[in-house]
Every structure is written in structure tokens, then in C-alpha cells.
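Let me begin by presenting the structure, written as C-alpha cells, before commenting on it.
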Amino acid sequence: MPSATRTETFDVSPDVFYQVIVDYKLYPEFADNVVKTQVLKVRDDGARVKFFVHLIREFNYTLDLYHDPLKRVHWNLVRGDLFSKMDGSWDLKKRGKRKVEVTYSLDIEPKLFVPRMIINRLVSYNLPRVMTNFYERARALETAAS
């Protein structure tokens, strides 16, 4: 099971970064490869969301996402085209008024055989890009608000 974790510190409000993470409807506006999202269910502790992604071809997956406001969002795969497992999390630690330490973790298992080297490359290549997309969105929202 390929898994990866990356931690970075960003000069952006932890509150704004968290709001970007949980605003699933807007992912297609800033997250690479996310074509569409459907919020299927909203719960007190999170949401069930279907993601439509284009990586070589279009596929989709549904996640149950759990919120620990301003600290953590973690998820588990409900169903998906390509993966039998897709667990992950965003962990946020406030490091100042406008500084947040962000840890993004992902653990996946494809349904079909894919050489481990290819999956590891995909995960390690996409992880930094995902974090950059979310940081840039949070920074743009902060700039627009000031």
C-alpha cells in the first residue's frame, strides 16, 4: 500500500487554510485535476463527497470526510473507480496569527495491479502540488479580504 506524508509551513491564517479544505464545492476552481465535486451529505462532523478527477482519464471516488474544526480533516474511501483504499488527512497546527504547519497524508491501494514504482511516483509527485494548490487558494482569499 503506497502512502506518503508531507509537512510544510505556510504564511497564511490557519482558519483560512481550514476553510479552503472544507469548501469541497469549490475544489474544481483551484485543485489540479478535480473536474467536479458533489456534496452528497453534510453531517455535524463532516461530509460525504464525490470527486470527479482527470488523470490520464476521468474517474471518480466518494469519500467520507470527518472534521475536527481548525485542526484536522481526515477521510476514508466509500467507493471509487480506481482505488480499493484511499485514506488520508490534513493536520493543521497554528504557528502564529498568519502561519500554519500543514501535514498532508495519503494512503492508497489501487484496485488493479499497478507497479508500485508508478503509484509511488504519482503520489510523491502530486503531494507537493496538492499542498501548493490549497496554499495558493488560501493566500488569494486572504489577499482579497484585506
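Every read-out reported here was derived from the displayed coordinates using simple, explicitly stated rules and does not represent laboratory data. From a predicted model like this one, the values you see are computed outputs, not experimental measurements. As a convention, Cβ positions derive from the backbone with ideal geometry for all residues, glycine included, and neighbour counts pool all protein chains shown.
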* **Neighbour net charge for Ser146 - beta-carbon separation under 12 angstrom, K R +1, D E -1** => +1
* **Proximal lysines relative to Lys99, as straight alpha-carbon distance under 19 Å, when same-chain residues fewer than 8 apart are discounted** => Lys71
* Counting only residues 5 or more places away or on other chains, whose amide H sits under 5 Å from the amide H of Lys36 once H atoms are built in the peptide plane? -> Phe52
* By how many degrees, 0 to 90 and rounded to 10, does the Cα axis of helix 116-145 deviate from the longest principal axis of the chain? -> 30
* **Phe113, Phe134, Phe52 arranged by Cβ crowding within 10 Å, fewest neighbours leading** => Phe113, Phe52, Phe134
* Structure fact -> Spelling it out for Gly46: with amide H atoms placed in the peptide plane at 1.01 Å from N, the residues 5 or more places away or on another chain with amide H under 5 Å from its amide H are His67
* Can you list the lysines whose alpha carbon sits under 23 Å from that of Lys111, skipping same-chain ones fewer than 8 residues off? -> Lys36, Lys50, Lys85
* **Choice from Glu109, Glu58, Glu136 with maximal GNM fluctuation in the chain (Cα, 10 Å cutoff)** => Glu58
* **Amide H contacts under 5 Å for Leu82, placed H, 5+ residues apart** => Asn60
* Asked: In deg cm²/dmol and to the nearest 500, what is the mean residue ellipticity at 222 nm of the chain if only DSSP H runs of at least 4 residues count, each as -39500 (n - 2.57), divided by the residue total?
  -> -9500 deg cm²/dmol
* Excluding residues on the same chain fewer than 8 positions from Lys93, give the aspartates and glutamates whose Cα lies under 16 Å from its Cα. => Glu8, Asp11, Asp15, Asp68, Glu101
* Would you kindly derive the ³J(HN,Hα) couplings of segment 95-112 from the backbone phi angles with the Karplus curve 6.51 cos²θ - 1.76 cosθ + 1.60 (θ = phi - 60°), listing them in order in whole Hz, with x for Gly and Pro? => 10, x, 4, 10, 8, 9, 8, 10, 10, 10, 10, 9, 9, 10, 9, x, 6, 9
* Note, ³J(HN,Hα) from phi for segment 69-78, Karplus 6.51, -1.76, 1.60, rounded to Hz, x at Gly and Pro -> x, 6, 10, 7, 10, 10, 8, 9, 6, 8
